[in-house]
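Report on the following structure.
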Amino acid sequence: MDTLGDASIALLRFENHGLGSEEGEKYLRLYGTLQAIILQQDAIKTIYEVYLEKLPRIDRDSAWKNCRRIRNLATGHPLDAQYGKLRVFVSRRTISTEGFDLLTYQAKDSVYVVEHVDLTANYTRYKDEALERIEDIEASQR
């Protein structure tokens, strides 16, 4: 529960103040925000399992999963992917509270892709999904 509270405080900071304005600050806050989402998810999942005695259902196309994917791509570069080397970089000049671009290169197929990540929209959708899980936990306590 401490981790849930701590991650929630960090995410509230993001909601109220964005990613900042200086280049280094933006990176630090972006990576911290993405990591806080993962910590919050892990805490919710664990608390859910303790109180409801099952894992929460997370849909394949959920913002919950998409936020994990984005975090792993944005902070896991370079990494080895199942189908060959995958190199992913956050485009420095595109980082804003609204989002950023991920530059991805798949070595096996020589494919270069630019993916725009709408951070605000993904986070907003994720937050709604997280609150649903927390409401389930609360309901189980009544």
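In a Gaussian network model over the chain where Cα atoms closer than 10 Å are linked, find which of GLU129, GLU53, GLU98 has the largest mean-square fluctuation. Per the Cα network of the chain with a 10 Å cutoff, GLU53 tops the list. Heavy-atom accessible surface of the chain, averaged per residue, reaches 62 Å², computed with a 1.4 Å probe. Dipole orientation for the chain: of the candidates SER96, THR46, GLN141, SER96 has the Cα lying most toward the positive pole (charges on Cβ; Lys, Arg +1; Asp, Glu -1). From helices alone, the chain scores -20000 deg cm²/dmol at 222 nm; the rule is -39500 (n - 2.57) for each run of n ≥ 4 DSSP H residues, then divide by the residue total.
Accessible area of the range 95-142 with a 1.4 Å probe: how many percent of it is carbon plus sulfur?
Answer for the range 95-142: carbon and sulfur cover 52 percent of the accessible area.
Most mobile of ILE44, ILE58, ILE95 per a Gaussian network model of the chain (Cα springs, under 10 Å)? Answer for the Gaussian network model of the chain: ILE58. Taken about its Cα centre, the range 1-106 carries a charge dipole of roughly 400 debye when the Cβ of each Lys and Arg holds +1 and the Cβ of each Asp and Glu holds -1. Of the solvent-accessible surface of the range 16-67, computed with a 1.4 Å probe over protein heavy atoms with every protein chain present, carbon and sulfur atoms account for 47 percent. Partner lysines whose Cα lies under 23 Å from the Cα of LYS45, excluding those fewer than 8 positions away in the same chain, are identified as LYS54, LYS65, LYS127.
The values are calculated or read from the model by the stated rules, or taken from the named source; none is laboratory data. Every value quoted in this text rests on a predicted model; they were computed, and no experiment measured them. Every residue, glycine as well, gets a Cβ built from its backbone with ideal geometry; the counts of neighbours run over all protein chains shown. Just the protein is used for accessible areas: all its heavy atoms, side chains included, with ligands, DNA and RNA removed. Shrake-Rupley method; radii C 1.70, N 1.55, O 1.52, S 1.80 Å.
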